[in-house]
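Structure first, commentary second.
The values are calculated or read from the model by the stated rules, or taken from the named source; none is laboratory data. Computed from a predicted model, the values in this text were never measured in an experiment. Cβ sites come from the backbone with ideal geometry, for glycine too, and all protein chains shown count toward neighbours.
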Amino acid sequence: MSTYTSVTDDDRAAMLAAVGVRSVEELFRDIPEAVRLGRPLDLPAGLSETEVYDHLRALAARNVSAEDEVSFVGAGMYDHYVPALVDSIVTRSEFLTPYTPYQPEVSQGGLQVMFEYQTAISELTGLPVSNASVYEGPSAVGAAGYLAKLTNGRPRFVVSRGLHPHSRETLETLSRGYGTTVDEVPLAAGVTDAEAWAAALDSDVGAVFLQQPNFLGAVEDLEALAAVARQHGAIVICACDPMPLALLKPPGECGVDIAVGEGQPLGNRLDFGGPSFGFFAAAEAYLRKMPGRIAGETVDEDGRRGFVLTLQTREQHIRREKATSNICTSQALNALAGVVYLSWLGRRGFVELGELLLQRTAYARERLARVEGVALLHEQPVVREFAVSLDAPVERVIERCAELGINPGYPLGRDYPEHPNGLLVALTERRSRADIDRLAEALGVAVAAEREGVVEVGA
Amino acid sequence: MSAVDVRQTAQQRESATTIYEKSKAGRRAFVPPPVDVPERPLDELLPARFRRTVEAKLPEISEPEINRHYNRLSKRNFDLDTGFYPLGSCTMKHNPKLHERVAALPGHARLHPAQDPKRAQGALELMWNLERALSEIAGLPHVSLQPSAGSHGELAGVLLTRAYHEARGEQRTKVLAPDTSHGTNPATVTMAGYELVKLASNADGGIDLDDLRAKADDDVACLMLTNPNTLGLFDPNIEEIARIVHGVGATLYYDGANLNAVMGISRPGDMGFDIVHFNLHKSFTQPHGGGGPGSGPIAVSNRIEPFLPRPVIVRGEDGTFDFDHDRPKSIGRLRGWQGNFGCFVRSYAYIRSLGAEGLREASEIAVLNANYLLARLREAGVAEYLPVAYDRLCMHEFVLSGAPMKRELGIKTLDLAKRLLDFGYHPPTVYFPLLVDEALLVEPTETETKETLDAFADAIADILREAKEDPEVARHAPYTTPVRRLDEARAAKQPVIRQPL
Ligand SMILES: Cc1ncc(COP(=O)(O)O)c(C=O)c1O
């Protein structure tokens, strides 16, 4: 058994004497007998460090990670390269082990990081105010919905079916609590159906939710969709992939009031889905209702520049039931990784990376479209991910590709039954042209094999 | 040191400069891999109307300079690895280094959340094992790992409560919480669409049972409780509380922030709680990261189980694991994917390291350390100015009131906290719980030595002695930190929350 305590027998005796009790047992005397466990927990016995390491290593070895296969899976989380610099900084004890910066005099590092992070998110989104992070992408969408509900109290939300299925479901879960209903607008030709969008809107709609690019990888005409929503006084909320924001018109210039998103692509590892961070930026008007921590600049009593948590009268620890959100612990360390990563990419590098993804995505899309039994699911502009439709059962094709060491993408069928054999293919800078060519070959072989199988069964 | 000492430390002399202010056109760190595909004109791939016209003004800076910038910034933080951090309610226990190593294994760190469960069996087994362990610790049969932090678990719990009542055809409107509750409890109640009804505390710091009886009616959906509560006291009336709450058909919710007092000793499920959240970043030592990430799994009783967030992990007859999405009564998702897996790895490693015996020992020592520190403070003569708010044995933490100190010595709890910074300590939680005037909530945790506790008690005594002679010293503290007291009013009045570029 490992231990992280240091009380020796002598210590214990001295400490108990100081307290004035005879045993540790006595310290628990307020706990009624009936609610005491009275037996050891039924858990495996404790292990030494090497044993724990071996156990965890053995578990990890039973996962097929992006280290073990050539993966084109995205769907909101992407296998970008995390620079060694990011690892080095986020593993520093001074960033890893403090609590939330409640004592600003000894938390200037963390607070300044928040300020720098907020600046970067504001630059990416083209919106003036950013908080210091929320949990992750889909719950950021939920949090934006709550902000809209606090702002105008209207009874209905309208979401595009292009919004990540997890975001739509999270929004539904949370809005049921405060009684707002959620209506969905379908996609047409890969993007939000403009006619259905206009038809769904009226003065009951408190907020609309879009995603850029949408879940099928398509670039939405945000400006046009936002403009229609604004005519009805709805708050426009857009979930953005931060990476393509290097190239795409920022949501703040498209009529979006609140831009949120999954921060994982920015210097955070996949970690089977978390921890990452959710970013949350908005127009000035929402500043005093924003959820989460916000760092602000000020001076100390000698006039030195410094940073503090500010506008805390929004928050649960001050306003309790009148707070604008219940969030407390958020994702500070992951947001740190985000701002270090963005600084590392730098002004030009961010754009160059965006362009690289754009070119490789275009190449991959064209290459796959030429594969027998593979068709594009839509023809809209794409920036880092695209959707195809297979003329074979997608799950089986994925199995066959896996045998060839390739994970071809995310199967769309569960979330989009209208595309039972849809496949979402994502690119990162780690997937070279040679990888893309291998993917095309593998898909060709797998689809062909499945189609032959169908013929055999039918014959 | 006196208030008139104007010498500055090196850190104080160095004025804060942001990464944007270090930017210089033409500098860079990242070099992209070659575009190894035939390049096509941008306009063909992405029409100009969709493109941005002005680059995001990220810094232009070399790798060595980014490295130095953030390393220097890190030194402007106080951290748990360097010093005592008795921040009440936050359980700042040692974060074992092994956990970082195992969380970083590529099989964990580069595992895509959408990987086919057949090819993520190790991850699912880890999650399953963690669920089973948390279930045993809570004394409740079912666990969802999905919530991202304590407050997220609370929201899940109250939404579960809503779903449970609605499934029985009931529309209840109120949720009860004591005045000692953490701010996230009432905030959660509002977010989940309920009205908060506050419960008074009795003279012993527990729930006022008469007040509870008066307010518990069949419009009450739930009572949210922390036990031990935020005063560090175990409510001995817990069985009666559960009877009253269940008697009106409401659920009993356990805010698990204080679980570190009772692991392996007393289980929320056995106390009568229906829903529990854990803070893996407290009791189970996920490092707090300067404000996250955390993780807030929930454990629930059988009657709540059908409503759990989806997907849930299931184990097949053949011992393989899968996600079950087909949960028609589920409240749905609360976030993307399946939770903060990286935190699960760390907390699972912790539970496997300590085992049943070690977890119990951790709680025992946490409680011993807290009681010892309290006794040691008394012995140092501190009680006259900083009496314990409730004079009983405490659990893993205790609350002092700075009211006499303020009255007699002219320094506030805030001043004491700031002066502690000069002594190299992180102060306890201040001004919480709200019930206690000038409160200091002190939680030493089990990983601190007796020597550390002794030294901390002496430091507090020294500060009080110093204040008796000259309260001005504490009133203007700290002196040695990278910056001194900051003007928070100014920050809120004219918010500067991003760098103008
Ligand atoms: C008693 C109590 N409840 C709830 C919370 C909220 O937990 P989290 O910060 O993980 O959301 C805290 C955290 O400080 C707490 O101390």
TODO: Could you grab the pairs with beta carbons closer than 8 Å, sequence gap of 6+ or different chains, first residue in segment A:5-27 and surrounded by fewer than 13 Cβ atoms within 10 Å (Cβ to Cβ), second one outside any helix (DSSP H, G or I)?
DONE: none
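Let's see how each residue does on (1) assigned by TED's automatic domain parsing to the domain that holds residue B:258; (2) in contact with a helix residue (DSSP H, G or I) (Cβ under 6 Å, 6 or more places away or on another chain); (3) charged (D, E, K, R):
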position: B:34; (1), (2), (3): no, no, no
position: B:39; (1), (2), (3): no, yes, yes
position: B:66; (1), (2), (3): no, yes, no
position: B:79; (1), (2), (3): no, yes, yes
Task: Residue ranges of helices (runs of 4 or more DSSP H) in segment A:1-105 with at least 3 members modelled with pLDDT of 95 or more and in contact with a Lys or Arg (Cβ under 8 Å, 6 or more places away or on another chain) - done: A:9-19, A:49-61
- [ ] Scan segment A:114-152 residue by residue and report those that are touching a Phe, Trp or Tyr at 6+ places or on another chain (Cβ under 6 Å) and either farther than 17 Å from residue A:285 by Cβ or at pLDDT below 95 (or both).
- [x] A:115, A:121, A:133, A:134, A:140
- [ ] Please list, ordered by first then second residue, the pairs with beta carbon atoms under 6 Å, 6 or more apart or interchain, first in segment B:477-501 and outside any loop (DSSP other than H, G, I, E, B), second of a type in the set (D, E, K, R) and crowded, with 18+ Cβ neighbours inside 10 Å.
- [x] B:486/A:300
Task: Residues within segment A:209-245 that are aliphatic (A, V, I, L, M) and over 16 Å from residue A:281 (Cα atoms), tallied - done: 11
TODO: For segment B:180-202, name all the residues that are more than 9 Å from chain A (Cβ to nearest Cβ) and either part of a helix (DSSP H, G or I) or modelled with pLDDT under 95 (or both).
DONE: B:180
Open item on the list: Checking the structure you have, find out if any residue of segment B:300-315 is more than 7 Å from every other protein chain (Cβ to nearest Cβ), among the hydrophobic types (A, V, I, L, M, F, W, C), crowded, with 24+ Cβ neighbours inside 10 Å and within 15 Å of the ligand (Cβ to nearest atom).
Closed with: no
- [ ] Quick one: in segment A:296-312, of everything that is more than 7 Å from chain B (Cβ to nearest Cβ) and touching a residue at least 24 places away in the same chain (Cβ under 8 Å), which residue is nearest to the chain's Cα centre (by Cα)?
- [x] A:309
- [ ] For residue A:191, indicate whether it is surrounded by fewer than 24 Cβ atoms within 10 Å (Cβ to Cβ) and either at pLDDT below 95 or within 13 Å of chain B (Cβ to nearest Cβ) (or both).
- [x] yes
Task: Selection from segment B:360-375 of residues that are buried (at least 22 other Cβ atoms within 10 Å of the Cβ) and either not assigned by TED's automatic domain parsing to the domain that holds residue B:438 or not small (Gly, Ala, Ser) (or both) - done: B:361, B:364, B:365, B:367, B:368, B:369, B:371, B:372, B:373, B:374
- [ ] From the list A:409, A:405, pick out the single residue that is surrounded by 21 or more Cβ atoms within 10 Å (Cβ to Cβ) and not hydrophobic (A, V, I, L, M, F, W, C).
- [x] A:409
Task: In segment B:246-270, the residues that are without any contact (Cβ under 8 Å) to a residue 60 or more places away in the chain and either away from the ligand (no atom under 16 Å from the Cβ) or part of a loop (DSSP other than H, G, I, E, B) (or both) - done: B:246, B:247, B:248, B:266
Open item on the list: Any residue at all in segment B:465-474 that's of a type outside the set (Gly, Ala, Ser) and in contact with an Asp or Glu (Cβ under 7 Å, 6 or more places away or on another chain)?
Closed with: yes
Task: Of residues in segment B:144-161 being within 9 Å of chain A (Cβ to nearest Cβ) and of a type in the set (S, T, N, Q), the one nearest to the ligand (Cβ to nearest atom) - done: B:151
Open item on the list: Can you tell me which condition residue B:214 does not meet? The list is (1) more than 12 Å from chain A (Cβ to nearest Cβ); (2) of a type in the set (A, V, I, L, M); (3) outside any helix (DSSP H, G or I); (4) away from the ligand (no atom under 16 Å from the Cβ), and all the others hold.
Closed with: (3)
Open item on the list: Show the residue pairs meeting these rules: Cβ distance below 8 Å; 6+ apart or different chains; first residue within segment A:144-166 and β-branched (Val, Ile, Thr); second residue part of a loop (DSSP other than H, G, I, E, B).
Closed with: A:158/A:201; A:158/A:234
Open item on the list: Of everything in segment B:72-101, what is in a helix (DSSP H, G or I), in contact with a Lys or Arg (Cβ under 7 Å, 6 or more places away or on another chain) and at the interface with another protein chain (Cβ under 7 Å from one of its Cβ atoms)? Give them in sequence order.
Closed with: B:74
Task: Output for segment B:102-115, where each listed residue is within 7 Å of chain A (Cβ to nearest Cβ) and either assigned to a loop (DSSP other than H, G, I, E, B) or under 17 Å from residue B:281 (Cα atoms) (or both) - done: B:102, B:105, B:110, B:111, B:112, B:113, B:114, B:115
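Residue-by-condition table, conditions (1) in contact with a His (Cβ under 6 Å, 6 or more places away or on another chain); (2) more than 10 Å from chain A (Cβ to nearest Cβ); (3) more than 15 Å from residue B:373 (Cβ to Cβ):
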{"site": "B:400", "(1), (2), (3)": "no, yes, no"}
{"site": "B:413", "(1), (2), (3)": "no, yes, yes"}
{"site": "B:478", "(1), (2), (3)": "no, no, yes"}
{"site": "B:483", "(1), (2), (3)": "no, no, yes"}
{"site": "B:495", "(1), (2), (3)": "no, no, yes"}
